[in-house]
Amino acid sequence: MYQRTIRQSVSLSGIGLHSGKAVHLKIGPAPANFGIVFHVVGHPEPIPAAPESVVDSHYATTVGRNGTRIQTVEHLMAAAAGLGIDNLDVTVDGVEIPAGDGSAKPFVSLLNSAGRTTHSTQRRPIVIPHPIHAGGGGRWIQIVPSDVFRISYTLDHEHPAIGTLALSCVPSEKMFVEDFAPARTYGLLKDLGQLRRNGLARGGSLENAVVVGPRGVLNGLRYRDEFVRHKILDLIGDLALLGRPVVGHVIARNAGHDLNFQLVLGIQRALGLERCPAGAALRVAATRDAVDGFAPATA
């Protein structure tokens, strides 16, 4: 299997789920072995989507470098992984990826509209040789050897509208697009005030999240088990930080971004994976054309 990128640049505007700020996103093609690299307008240094770039993994996955941050990258990362796209050049005019409808569906549509092209360079899957574990008690995640990429996830929540949900799958592209990409992020109405006091969920609304009130879901579900499907969606996006497809069986219970990231680090350590070659991204970034004012400022 060979690496892929998109054929042409595409753009999307919206507000950040947590920041509540307007943001414009531009995604362009990238060469083989580039990976997914983020740029923030006005800041010259690129931010590779790699474990070394993660600066926060609570409530969302945030990447950054030298004080520059981009929040909530997981849904875009999941869309790229689900469509088998390895290399993208992403520019953000803001501090967060647009929320869209709270799922990966808008990013799947955006990337599909750009078309896909195949490089002549082969992918290098990460084959899991032995079990790797993170967490404990009622919240944990592990990956064990398998011939395919499989996810088995159990979500056990005290709210009766969520309850206990379990799902196991071998996600194909078709399954990802139809069964996981549309699953939205969710939150409890009672937690909204505290989240906003902590600088989170300031852009959250019934338009971009499933909101669970005291008596149940306020704005309907796309799937009966949408909550656990979104957990799997986030997991796919966080694993994509490794930059290569994973061959192994992920088994999780009540994990979230932080435990997903701990698993990513565990895989990286166990296999001795090399650090992301940010210098290559810098060289390619320097050759980009300034389209629609989206080239990052030079030093």
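The values are calculated or read from the model by the stated rules, or taken from the named source; none is laboratory data. Please read these numbers as outputs of a predicted model, since none were measured by experiment. Reconstructed Cβ throughout: ideal geometry from the backbone, glycine too, with neighbour counts over all protein chains shown. The protein model used for the area step is the full one, side chains on, heavy atoms only, and it has no ligands, DNA or RNA in it. Shrake-Rupley method; radii C 1.70, N 1.55, O 1.52, S 1.80 Å.
Yes or no, residue by residue, for (1) modelled with pLDDT under 95; (2) open to solvent by 10 Å² or more (accessible area, probe 1.4 Å); (3) basic (Lys, Arg):
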{"position": "Arg7", "(1), (2), (3)": "no, yes, yes"}
{"position": "Pro31", "(1), (2), (3)": "no, yes, no"}
{"position": "Ala78", "(1), (2), (3)": "no, no, no"}
{"position": "Leu83", "(1), (2), (3)": "no, no, no"}
{"position": "Thr91", "(1), (2), (3)": "no, no, no"}
{"position": "Leu110", "(1), (2), (3)": "no, yes, no"}
{"position": "Arg116", "(1), (2), (3)": "no, yes, yes"}
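Out of all the residues in the stretch 68-84, which are under 14 Å from the mean Cα position of the chain (by Cα) and within 22 Å of Ser19 (Cα to Cα)?
If the condition is that a residue be under 14 Å from the mean Cα position of the chain (by Cα) and within 22 Å of Ser19 (Cα to Cα), then Ile70, Gln71, Thr72, Val73, Glu74, His75, Leu76, Met77, Ala78, Ala79 are the ones that fit.
What pairs come up if the first residue lies in the stretch 208-223 and is more than 21 Å from Gly16 (Cβ to Cβ), the second is open to solvent by 70 Å² or more (accessible area, probe 1.4 Å), and their beta carbons are under 6 Å apart, counting only those six or more places apart or on different chains?
Every condition considered, the pairs that remain are Gly213/Leu189.
Within the stretch 60-71, work out how many residues are open to solvent by less than 10 Å² (accessible area, probe 1.4 Å) and among the hydroxyl-bearing types (Ser, Thr, Tyr).
Adding up the residues that qualify gives 2.
Among the residues of the stretch 235-256, what is the count of those that are open to solvent by less than 20 Å² (accessible area, probe 1.4 Å), assigned to a helix (DSSP H, G or I) and closer than 17 Å to Ala134 by Cα?
Selection size over the stretch 235-256: 5.
Checking the structure you have, find out if any residue of the stretch 218-228 is out of contact with any Pro (no Cβ under 7 Å at 6 or more places or on another chain), open to solvent by 30 Å² or more (accessible area, probe 1.4 Å), closer than 15 Å to Gly100 by Cα and among the hydroxyl-bearing types (Ser, Thr, Tyr).
No.
Report yes if some residue within the stretch 209-216 is among the hydrophobic types (A, V, I, L, M, F, W, C) and open to solvent by 30 Å² or more (accessible area, probe 1.4 Å); otherwise report no.
Looking for residues that are among the hydrophobic types (A, V, I, L, M, F, W, C) and open to solvent by 30 Å² or more (accessible area, probe 1.4 Å), one finds none in the stretch 209-216, hence no.
Looking at Gly199 and the list (1) under 22 Å from the mean Cα position of the chain (by Cα); (2) exposed (fewer than 15 other Cβ atoms within 10 Å of the Cβ); (3) free of Cβ contacts under 8 Å to residues at least 60 places away in the same chain, which single condition is not satisfied?
(3)
From (1) under 17 Å from Phe261 (Cα atoms); (2) open to solvent by less than 70 Å² (accessible area, probe 1.4 Å); (3) of a type outside the set (Asp, Glu), pick out the condition that doesn't hold for Arg139.
With respect to (1) under 17 Å from Phe261 (Cα atoms); (2) open to solvent by less than 70 Å² (accessible area, probe 1.4 Å); (3) of a type outside the set (Asp, Glu), Arg139 is out only on (2).
Which of the strands (runs of 3 or more DSSP E) found entirely inside the stretch 85-189 contain at least 2 residues meeting this: closer than 15 Å to Leu239 by Cα and within 18 Å of the chain's Cα centre (by Cα)?
Those strands (runs of 3 or more DSSP E) span 150-156.
Would you mind telling me which numbered condition in (1) over 17 Å from the mean Cα position of the chain (by Cα); (2) open to solvent by 10 Å² or more (accessible area, probe 1.4 Å); (3) at pLDDT 95 or above; (4) more than 18 Å from Arg124 (Cα to Cα) Pro46 fails?
(2)
Can you tell me how many residues in the stretch 1-51 are farther than 16 Å from Leu76 by Cα and of a type in the set (Val, Ile, Thr)?
1
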